[in-house]
1. Yes or no: B:L160 within 14 Å of another protein chain (Cβ to nearest Cβ) and either of a type in the set (D, E) or not in a loop (DSSP other than H, G, I, E, B) (or both)?
2. I need a count of the residues in the stretch B:34-79 that are within 25 Å of B:N219 (Cβ to Cβ), among the hydroxyl-bearing types (S, T, Y) and part of a strand (DSSP E or B).
3. Can you name the residue in the stretch A:1-56 that is of a type outside the set (G, A, S) and touching a Leu at 6+ places or on another chain (Cβ under 8 Å) and, of all such residues, is farthest from A:L233 (Cα to Cα)?
4. For the stretch A:196-213, state whether one or more residues are away from chain B (no Cβ under 14 Å), surrounded by 22 or more Cβ atoms within 10 Å (Cβ to Cβ) and not charged (D, E, K, R).
5. Go through (1) farther than 20 Å from A:D6 by Cα; (2) touching a strand residue (DSSP E or B) at 6+ places or on another chain (Cβ under 7 Å); (3) touching a residue at least 40 places away in the same chain (Cβ under 8 Å) one by one and return the number of the condition A:L206 breaks.
6. Hey, can you tell me all the residues within the stretch A:181-240 that are β-branched (V, I, T) and closer than 20 Å to A:T21 by Cβ?
7. For the condition more than 20 Å from B:L185 (Cα to Cα) and outside the structural domain of B:A18 (by TED's automatic domain parsing), what is the one hit in B:G104, B:G120, B:G144?
8. Restricting the search to the stretch B:80-96, which residues are surrounded by 22 or more Cβ atoms within 10 Å (Cβ to Cβ) and assigned to a strand (DSSP E or B)?
Amino acid sequence: MGGYGDVQMIDENGIRVDGRTAGDIRPVEIRAGVIPVADGSAEVIWGGNHVVAAVYGPMEAHPRKIQKQDRAVLDVRYNMAPFSTTDRIRPGFNRRSREISKVTAEALETVVLTELYPRSKIRVEIEVLTAEAGTRCAGITAASVALADAGIPMTDMVISVASGKINGTVVCDLNKEEDNYGEADLPMGICANSGDLVFLQMDGDLSPEEFQQAWDYNMESIAPVHELMIDALEKANGGDS
Amino acid sequence: MSDQNAHGGRDGRGTRLATPGAMLGAREGRRLGHGVVETDSGLIATKVGVIHSDEKLISVLPTHTRYTPRPDDLGIGVVEAVQSNLWFLDINAPFNALLPMSLGPGKAEFGGARNVLNVGQTVLCRIQEVDETHSSVVTMKGLGLRRVDSGLVESLPPHLMQTLFSDGGSALKALKASTQCRVVLAENGRMWIDGSSDSITDVVARIARIRSMARDISNRDDMLAILSKEVA
């Protein structure tokens, strides 16, 4: 019968449609300091995703009703450019972008020392220029580098990566076809140094064993990305990377 | 992080930059300075910057930071709003500072604050107090504190103020000598430049070049050279 389950996306040798094995992530490039007028910025190219993040502040929070008396507010705005996918995306906030902005802010609030800037606001803008599955993960990673580049005090940097299930096999870092036709998706945000989990969502069904496998893939994937983040920050700030 | 040593820097590399979350080892009785916090697993860096460590202090000198007001800092503020008996100044900090009438530059009737200082005017002021929420009160009562009616105000990243002008003011003296300008540096990352239009243009061009290099800490010597050379 027809249906997405018939789409073969991994062969008997465990090779996926783009030639990766189950545990491989797509090629990643990270650059910091790409927007001169921003306090901090970063660009992440993760497979076919191209994401730019910019950070402004801390600044006085307006309107005043959003101020928190004991900490700063992270004002995250995730947006996909109209040209980022083959189907034009209508400009402006929608349900999905609001949700991703919210979960991104909550993930980053766990590492940013917001209590140092009471009543203020840190504005984080995430713009997806090209999308190919995993934009929220690339966005969180880019925002994390941009916050560090802006000199915002943080106890750690957050890296986000997603694993999922295709044709009954758990694989790491789903590409567009795998995301569209796969059976499950598990994006996670992980602190690079401590390994603490700050963000987790799950779409679809995974058995406990599959969940553990996806978890392990995500945890194993952060080390090389962390290296790239450090290199990008060193390059942008005069270190010898 | 197998290629990181105990201080968060990287083996075999010249300049050691810490990044947020990098382990900086044990405290060993040292005071914690800027950009360092203590956790159960030891000290960690909270900012991107150069690690400074000696027997008494460990800190991270950030490559970029926002100005945080401290009492007694000299500041250059711009009036952003006026009320009946006080002014709100933009001092390049996360919050506007408060300049009450009693600490202002002159006497005015209640409701006449606008006649003394109006929106958009620039002043030399000093931070009087900062509360726990980083709100600050500034004063214009003091030697040299006044309204700025001439010259130009330029900005530099606040972290460069210490980097470039800490060594006894020699870089500032060189800048003044080479440009024949009057230059007042404020801790909030602003500088007031006064002189002939040509010399002001000269200083502004130098500052613009320094600003473009500000993120790269390895450029410090180049920045000092730009400040002190005879012709920009």
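The values are calculated or read from the model by the stated rules, or taken from the named source; none is laboratory data. Computed from a predicted structure; not experimentally measured. Glycine also receives a Cβ, built like all others from the backbone with ideal geometry; neighbour counts cover every protein chain displayed.
1. Spelling it out, B:L160 is indeed within 14 Å of another protein chain (Cβ to nearest Cβ) and either of a type in the set (D, E) or not in a loop (DSSP other than H, G, I, E, B) (or both).
2. Going through the stretch B:34-79 one residue at a time, the tally reaches 2.
3. Residue satisfying both the conditions and the ranking: A:H50.
4. The answer is no; no qualifying residue exists.
5. (1)
6. Those that are β-branched (V, I, T) and closer than 20 Å to A:T21 by Cβ: A:I222, A:V225.
7. The conditions single out B:G104.
8. Residues satisfying the conditions are B:W87, B:L89.
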